[in-house]
1. If you take the residues in segment 24-63 that are under 23 Å from the mean Cα position of the chain (by Cα) and not in a loop (DSSP other than H, G, I, E, B), which one is nearest to Val408 (Cα to Cα)?
2. May I ask you to list the residues in segment 1-58 that are exposed (fewer than 13 other Cβ atoms within 10 Å of the Cβ), touching a helix residue (DSSP H, G or I) at 6+ places or on another chain (Cβ under 9 Å) and of a type in the set (D, E, K, R)?
3. Of (1) free of Cβ contacts under 8 Å to residues at least 24 places away in the same chain; (2) assigned to a strand (DSSP E or B), Leu319 satisfies all except one. Which?
4. Could you list all residues from segment 169-187 that are assigned to a strand (DSSP E or B) and within 12 Å of Ile242 (Cα to Cα)?
5. What tally of residues in segment 199-245 results from selecting those that are in a helix (DSSP H, G or I), without any contact (Cβ under 8 Å) to a residue 60 or more places away in the chain and either touching a Leu at 6+ places or on another chain (Cβ under 6 Å) or farther than 21 Å from Gly165 by Cβ (or both)?
6. Mind checking which pairs have a first residue in segment 379-403 that is over 30 Å from Trp327 (Cα atoms) and a second that is hydrophobic (A, V, I, L, M, F, W, C) and crowded, with 19+ Cβ neighbours inside 10 Å, Cβ under 6 Å, 6 or more apart or different chains?
7. Looking at this structure, is Leu19 within 27 Å of Pro351 (Cα to Cα) and either of a type in the set (Lys, Arg) or touching a residue at least 24 places away in the same chain (Cβ under 8 Å) (or both)?
Amino acid sequence: MMMLIGVLGTFVCLFLILLSRRLRAAHPAANPQPVLSDVQLGEVSYHDIDMLKAIPSQPTLENYVVIGGSGFLGMYIVRLLILRGETKIRVLDLHPPHPDIASNPSVSYIKTDVTSLQSVRDGLTQPFSDGSGLPTVIYHTAAIIRFWERASYTWETSYNVNVQGTANVLSVAKKMPNTILVYTSTADTCIPRSKFLRLGLDYKIPPYHKVTISDDDSPLKPSQSSQSCYTRSKLLAEQLVIGANGWNGLKTGIIRPGCTIMGPNDRILASTLTMARVPVFDKVWSATNVCVWDVAAAHLLHEDALRRNPEESAGQAFLISGKGPAWRLNDIRNAVKYYSSRPLLFDEVPPLLVYILAHFVEFLLFIRYYALLPFYVLRGSKLRLYPEWMGQLVYMQPSTLEYMRDIVIDDSRAQKILGYRPQWSTVQCIRYTVDEMQSGRAREGHGLQLKSD
């Protein structure tokens, strides 16, 4: 018996050592940007970037609606439309847009809840005040990004906003003749999820054998796709958007930005800049990320393609990313630290500890939810998915760790068909984000701040 325990103990220890190595080792095919010196970082400038060169520069004079126009991406779509000289822009959102947008005479706002069909109908079917009629172009960016959830009891929250909300938008849009709709999805729908327990042996078989993801790749099998509620709900919403193409002249398209959208108030840069201490357990992983301005431009380009070249763009999804090679997360944070006017504190945490903790947190929350649920049902009240005391620890779940992978987005198809040309390199976007947030021009907060469930 003691021998059996000893053998099992040895096996467990060996497995944990190999798992720890897997969690610390980049993909063999990864080829990230070499580390920039302080001199190179100091020479970076973004002031010569002209976003009008990235899009059709003349105003279309269409009637624009940006659903989720007060959010991170939607706000930049609105700003780019204003920059181009569009005069009829409506924001539909639960919250009013940023003051610099709300004060613009070209922008109107209607409070809208995408989970309510009537609310969406009220927002979309109200004619524009100048007598030009109903919206002719819809950008649907509204989403709830609960990337840390995968358990079945958490599904409803993501489904209601990302799937049912999209269904509500499409239901109304189908009754508006000859409308264009561009939907914001995510590159995560195309990226194979990490298989840490295979200890790197998965790198020898498709689709895990490579780091480059493109529109030409075969659709992922369910066993290969992300388990997160966010990604699964976006994939379902994509199917709705593609299926709606052609109804009553409706032309639809999808933009899949990846791997992460960067800019003021984002999840990576803004959180690094503003958090008191930043836990670091993912420093080796690299990805091509994209500036929020470029993502906004991709939406306008897809709108243009749906009008001039619907044969190749309608009912289609396009991956997009930023300019230049992939960057390691460690190098991204160090660049933020270089540009920051205050000291930034990074706390290194063993990845294996994080991996074990993530599964423990998920298990704890699962037991808590189903243990308390009968009492809340009897009381006729709703049980919160997480206790308030847990705070940002709720992020520490297995689905969160899916981003620990090396990914390069190949957006050559978007460049060919849409005319997409990213203007921002990763380091330019980093410097811009730090400048905007430290100057106070950007609103406060970052994408990792918890919102009530």
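Just so you know, all these numbers are worked out from the coordinates, no wet-lab data involved. These figures come from a predicted structure and were not determined experimentally. Positions of Cβ are backbone-derived with ideal geometry, glycine not excepted, and every protein chain shown enters the neighbour counts.
1. Among those residues, the one meeting the criterion is Ala54.
2. Answer for segment 1-58, where residues must be exposed (fewer than 13 other Cβ atoms within 10 Å of the Cβ), touching a helix residue (DSSP H, G or I) at 6+ places or on another chain (Cβ under 9 Å) and of a type in the set (D, E, K, R): just Asp38.
3. Every condition holds for Leu319 apart from (1).
4. Step one: filter segment 169-187 for residues assigned to a strand (DSSP E or B), giving 180-184.
Within segment 169-187, Leu181, Val182, Tyr183 meet the criteria.
5. Counting residues in segment 199-245 that are in a helix (DSSP H, G or I), without any contact (Cβ under 8 Å) to a residue 60 or more places away in the chain and either touching a Leu at 6+ places or on another chain (Cβ under 6 Å) or farther than 21 Å from Gly165 by Cβ (or both) gives 3.
6. Once the first residue is over 30 Å from Trp327 (Cα atoms) and sits in segment 379-403, its partners that are hydrophobic (A, V, I, L, M, F, W, C) and crowded, with 19+ Cβ neighbours inside 10 Å give Tyr386/Val394.
7. Numbers: within 27 Å of Pro351 (Cα to Cα): yes; either of a type in the set (Lys, Arg) or touching a residue at least 24 places away in the same chain (Cβ under 8 Å) (or both): yes.
It is true that Leu19 is within 27 Å of Pro351 (Cα to Cα) and either of a type in the set (Lys, Arg) or touching a residue at least 24 places away in the same chain (Cβ under 8 Å) (or both).
Condition check ((1) touching a Cys at 6+ places or on another chain (Cβ under 7 Å); (2) surrounded by fewer than 24 Cβ atoms within 10 Å (Cβ to Cβ); (3) hydrophobic (A, V, I, L, M, F, W, C); (4) over 23 Å from Thr426 (Cα atoms)) across all residues:
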position: Glu238; (1), (2), (3), (4): no, yes, no, yes
position: Gly253; (1), (2), (3), (4): no, no, no, yes
position: Gly263; (1), (2), (3), (4): yes, no, no, no
position: Lys283; (1), (2), (3), (4): no, yes, no, no
position: Val290; (1), (2), (3), (4): no, no, yes, no
position: His302; (1), (2), (3), (4): no, no, no, no
position: Arg307; (1), (2), (3), (4): no, yes, no, yes
